[in-house]
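Structure record follows, encoded as structure tokens.
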Amino acid sequence: MRAASAPGKVILFGEHFVVHGNPAIVSAIDLRARVEAVETDEEAISLEGFTGDNPASSAASYLAKKLGYRKGLRLKISSQIPQSVGLGSSAAIAVASAAATLHLIKGVIEYPLLLEAAYEGERVAHYTPSGIDTSVAAFGGAGVYTRSEGYRKIDMRLEELLIINTGKPRKTGDLVRRVREFSEAQPERFRELLEEAAGIAEEALKSLRKPDLETLGKLMNRNQELLRLVGVSSREIEEVVRLCLNSGAYGAKLTGAGGGGCVIAVADYDRIDEIVKELGERFSVMRARLMAEGVRIESQPDNP
Ligand code: PMV
């Protein structure tokens, strides 16, 4: 048996625009998904408690095929990351499954192969992911991601923020399609928005290094406006953003695909608990620690 775990994530700046080539800033968070892989003689890959396609079984099947593995695998998922709300649950599951499977078959984790398999796994949920979620789940910490250059870790000093779940699940693939339709209908306008989003990410990098919470908040608010313009905000998101700002947060925005899902907010660290209490009456709210560790093996073989 092997088990591996990988963290969820928040996108701090640049979601959606990253699909179209822009940089996005992302951090791993202290919620993890764990996948256990047990060798069987059944010549099939099964997943406890699930049927059909799932990021865990797709990532494991991809590896089994690629590595010519002839036996079977039984997978078991346990996860602290809420699903379908923008916190990278499917990517963390895909990465943890790929790591457990790789370690079981080869005894080591080879990162390029791990990322390839995890990407296949994530496609079950996202169709055409940019790769940002699987990268941060694999490498952890915080970083800048672009499709052309992948993930580059950054020295970030922002340690904590608020995550508020609007309680409305949604499908990432549908929202990515919505932005693509916007880009095709209004190419000029979309180019301007891409440029502005890139400028926000560049400014944000400077503020994250200090950290300058007030400036970060302003940049988040502007990023949220851009996301609203391309059609991925929602009534619930707008309400949560407003409540955060009224409770003393410096800024707030949707994180991930939008359309529901989670909102993140920055505030003075000694103000966070107060805001958690205020919003906690209506929403599920957490104080999240950023820059969590990337994928790790959680166990050694049963019979070493
Ligand atoms: O994994 P989610 O639902 O948080 O969304 C990922 C971010 C997007 O930019 C919307 C899509 C992508 O693949 O980059």
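The values are calculated or read from the model by the stated rules, or taken from the named source; none is laboratory data. As the structure is a prediction and not an experimental result, all values here were calculated from the model. All Cβ positions, glycine included, derive from the backbone under ideal geometry; neighbour counts span all protein chains shown. The accessibility values were calculated without ligands, DNA or RNA, using every heavy atom of the protein model including side chains. Shrake-Rupley method; radii C 1.70, N 1.55, O 1.52, S 1.80 Å.
Some points to look at:
- Theoretical ellipticity at 222 nm over the chain - DSSP helices of four or more residues, -39500 (n - 2.57) apiece, nearest 500: -14000 deg cm²/dmol
- Here the ratio of the Cα radius of gyration of region 77-196 to 2.2 N^0.38 Å is 1.20.
- Looking at the chain alone, DSSP beta bridges between its own residues are antiparallel in about 95 percent of cases.
- The solvent-accessible area of residue 188, taken with every protein chain present and a 1.4 Å probe, is close to 110 Å².
- Taking max minus min of the alpha-carbon positions on each principal axis, region 232-304 gives extents of 56, 31, 21 Å, largest first.
- Coarse-grained scattering of region 113-270 at q = 0.08, 0.14, 0.17, 0.20 Å⁻¹, given as base-10 log I(q)/I(0) from a Debye sum over alpha-carbon atoms: -0.24, -0.78, -1.19, -1.55
- Helix 111-126 and the longest principal axis of the Cα set of the chain meet at an angle near 70°.
- Solvent-accessible area of residue 38, all protein chains in place: 40 Å² (probe radius 1.4 Å, heavy atoms, ligands and nucleic acids excluded).
- Residue 184-residue 209 FRET efficiency (beta carbon distance; Förster radius 35 Å; 0.05 resolution): 0.45
- Positive-end ranking of 84, 161, 269 along the dipole of the chain, with charges on Cβ about the Cα centre, is headed by 84.
- The residue list 254, 151, 40 was ranked by how far each Cα lies along the charge dipole of the chain toward its positive end, using unit charges on Cβ atoms, and 40 comes out on top.
- √(5λ) per eigenvalue of the Cα gyration tensor, the chain, largest first, Å: 34, 20, 17
- Largest-first principal axis extents of the Cα set of region 131-223 (Å): 39, 31, 27
- Region 1-131 - Rg over Rh from alpha carbon coordinates, Kirkwood radius: 0.98
- Net dipole in debye of the chain [+1 Lys, Arg Cβ; -1 Asp, Glu Cβ; about Cα centre; nearest 20]: 240
- Paramagnetic label reach from residue 270 (point 7 Å along Cα→Cβ; backbone nitrogen cut-off under 18 Å): within region 240-260, residues 248-250.
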